[in-house]
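Asks: My questions all concern the structure below.
The values are calculated or read from the model by the stated rules, or taken from the named source; none is laboratory data. Being a predicted model, the structure only gives us computed values, none of them experimental. Using ideal geometry, Cβ is built from the backbone for each residue, glycine included, and neighbour counts are taken over all protein chains shown. Protein only, heavy atoms only, side chains kept; ligands, DNA and RNA dropped before computing areas. Shrake-Rupley method; radii C 1.70, N 1.55, O 1.52, S 1.80 Å.
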Amino acid sequence: MKKITIAIDGYSSTGKSTVAKMLAKELGYVYVDTGAMYRAVTLYAMRKLFIKAGHFDKEALIRHLFMVSVKFQMNAETGIADVYLNGENVEREIRTLEVSNFVSQIAAIPEVRKLLVQKQHEMGKEKGIVMDGRDIGTVVFPDAELKVFMTASADERARRRFEELKAKGDAVSYEAVLENVQKRDKLDTSRADSPLVQAEDAILLDNTHTNIEDQFHILLQLAKDRIFGRC
């Protein structure tokens, strides 16, 4: 059975990572959460105080990029790969609202994107991969056999993210999460380097009123159609 490359792009909190993990597991493919890679670099910048409220020293971060190592390592308990920053498991730390507030600024830096896109290319050179992010179908894998662009209303995405953070015990308000979602949308779509945009040949999936299971089955059928040459 031939292997293909599956690129899933879209707005924040559309459930890209969740459904991409399910799809990769079903197909026996490698899953790569590129957003987690940018979050890891963001966490590094925050810890070094290169970025904080009202301050962003881009040049300092760029100078220190050679010291940043982002890798994925399988978690035996969950069955999925966790993100490691310089050898430390930071899977939980990178999912906070504080990191979310800064990640779009970090992702807009060309030097950061160049570094991580290079790593993403290396991960996907053998195909058999499901990768989600903001520019996978437009920049990282423009020749991917299956491209999907996921979207949903800002209110619904904020509600999902709020429930997720609340379940983890994070003290956040819905209003703060909605503001973050709207801010990230603006930054992601307006940045000069690799802005968030739907690839011309990507399939649009609006999941405002669609649950994860239905999304999974839609994507699985799309993938099978391409694997077995039915489209």
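Asks: Subtracting the Cα-Cα distance from 0.36 nm times the residue separation, let me have the gained length for E88 to L220 in nm, one decimal. Intermediate results must be reported in sequence, preceding the final value.
Replies: Details: separation 132, 0.36 × 132 = 47.52 nm, distance 3.32 nm.
Length difference between fully extended and current span is 44.2 nm.
Asks: Can you tell me what share of the DSSP beta bridges in the chain is antiparallel? A percent to the nearest 5 is fine.
Replies: Working: 9 of 27 bridges.
If we restrict to bridges inside the chain, about 35 percent are antiparallel.
Asks: Any idea how far apart E126 and V197 come out in nm if each label point goes 7 Å out from Cα toward Cβ?
Replies: It is 3.4 nm.
Asks: Which angle between 0 and 90 degrees, to the nearest 10, do you get for helix 154-167 versus the longest principal axis of the chain when only C-alpha atoms count?
Replies: 70 degrees
Asks: Stretched out fully, how many nm does the piece from Y174 to K52 gain, at 0.36 nm a residue minus the Cα gap? Provide the component values of the computation, followed by the final result.
Replies: Numbers: separation 122, 0.36 × 122 = 43.92 nm, distance 2.18 nm.
Full extension of this stretch gives 41.7 nm more.
Asks: Once you put a point 7 Å from the Cα of Q73 and another 7 Å from the Cα of T210, both along the Cβ direction, what distance in nm separates them?
Replies: Going by the 7 Å Cα→Cβ label model, 3.6 nm.
Asks: Among residues other than L196 whose Cβ falls under 14 Å from its Cβ, what is the net charge (Lys/Arg +1, Asp/Glu -1)? Intermediate values should be presented prior to the final figure.
Replies: Working: positive: K16, R113, R134, K147, R157, K183, R184, K186, R191; negative: D9, D132, D135, D185, D188, D193.
Taking every other residue near L196 into account, the sum is +3.
Asks: Do any of K25/K166; K25/K119; K125/K147; K16/K186 go past 20 Å between their Cα atoms, and which?
Replies: Working: K25/K166 27 Å; K25/K119 22 Å; K125/K147 17 Å; K16/K186 18 Å.
Beyond 20 Å: K25/K166; K25/K119.
Asks: Once semi-axes √(5λ) of the Cα gyration tensor in Å is worked out from the coordinates, which option in (1) 30, 24, 16; (2) 36, 20, 15; (3) 27, 21, 17 does it equal?
Replies: Structure-derived value, by its label: (3).
Asks: Less than 18 Å apart at the alpha-carbon level, and either on another chain or at least 8 residues along: which lysines does that give for K183?
Replies: K52
Asks: Let me have the relative contact order for the chain, percent, based on Cα pairs under 8 Å that are six or more residues apart. Spell out each step's value before the answer.
Replies: Numbers: 332 pairs, mean separation 78.3, N = 231.
Contact order relative to length: 34 percent.
Asks: How many Å² of accessible area per residue for segment 1-106, probe 1.4 Å?
Replies: Working: 4990 Å² over 106 residues.
In whole numbers, segment 1-106 has 47 Å² accessible per residue.
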